[in-house]
Amino acid sequence: MITKKLLEFQKLNIKVTKDSDNPYFKSKYVNLNEVLDKVKKPLNDLGVVIIQLPQEKGLLTQLIDTEDDSKVECFMPYVEATTAQKLGSNNTYNRRYSLVTLLGLEDVDDDGNAASVVAKIQSGQNFTADEYEDAVEYAPEEAFGAVKQANKDYRAANPPVKRNPGIQYGKKATGERLKAVLNNDEL
């Protein structure tokens, strides 16, 4: 039975090392190769096979007991996978995090990044270009919709003019809108 084999796997107390650099946050994270190098052989030794199937809307990861075909699975949807590169990034991310989740491994600290974005949103501070990208990536889903709407509202209220491409416009409005969403205020 798969649950008994996963228990045996967890008793091995396998640790993964945060061996890759995230240049945007000057932090480290566990890459997919590190996860696979640490978990594939011990799982296979226990008779558990890893199957990761890209599907139209996301990635399905299955851990299957080869003796009785019992399994556990995890589906992770694709997010903003509008180009081949973004789809590839989604698959790599989903492959890594579905295994980390299913196996109860140490996880990269994405929550720290999300918390810093949420704190800035709630304080109403302006975003730099990089922070704006992080807000789109790490903010809660309901806030992401607010980012898009705030940008649309800003563009509607401020018709295009010749602008310096190095300057970010409308970030204060975006931060205020996200703050309202996170505080459950009326928009």
Within region 7-31, the count of residues that are in a helix (DSSP H, G or I), buried (at least 16 other Cβ atoms within 10 Å of the Cβ) and out of contact with any helix residue (DSSP H, G or I) (no Cβ under 7 Å at 6 or more places or on another chain) comes to 0
Filter region 67-82 for residues that are at pLDDT 90 or above and either surrounded by fewer than 13 Cβ atoms within 10 Å (Cβ to Cβ) or not assigned by TED's automatic domain parsing to the domain that holds ASN33 (or both); the one that is farthest from ILE2 (Cα to Cα) is PRO77
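Which residues, counting only those in region 89-99, are surrounded by fewer than 19 Cβ atoms within 10 Å (Cβ to Cβ) and either in contact (Cβ under 8 Å) with a residue 40 or more places away in the chain or of a type in the set (Asp, Glu) (or both)? Show your work before the answer.
To start, the set of residues in region 89-99 that are surrounded by fewer than 19 Cβ atoms within 10 Å (Cβ to Cβ) comprises 89, 91-93.
Listed by number, the list holds a single entry, THR92.
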Restricted to region 32-41 and to residues being surrounded by 16 or more Cβ atoms within 10 Å (Cβ to Cβ) and among the charged types (D, E, K, R), the residue modelled with the highest pLDDT is LYS38
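ASN44 - would you say it is modelled with pLDDT under 60 and touching a strand residue (DSSP E or B) at 6+ places or on another chain (Cβ under 9 Å)?
Working: modelled with pLDDT under 60: no; touching a strand residue (DSSP E or B) at 6+ places or on another chain (Cβ under 9 Å): yes.
Here the answer is no, as ASN44 does not meet what is asked.
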Only one of LYS86, LYS57 is surrounded by fewer than 17 Cβ atoms within 10 Å (Cβ to Cβ) and at pLDDT below 90, namely LYS86
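The values are calculated or read from the model by the stated rules, or taken from the named source; none is laboratory data. Note that the structure is a prediction, hence the values are computed from the model and not measured. Every residue, glycine among them, receives a Cβ derived from its backbone with ideal geometry; neighbour counts consider all protein chains shown.
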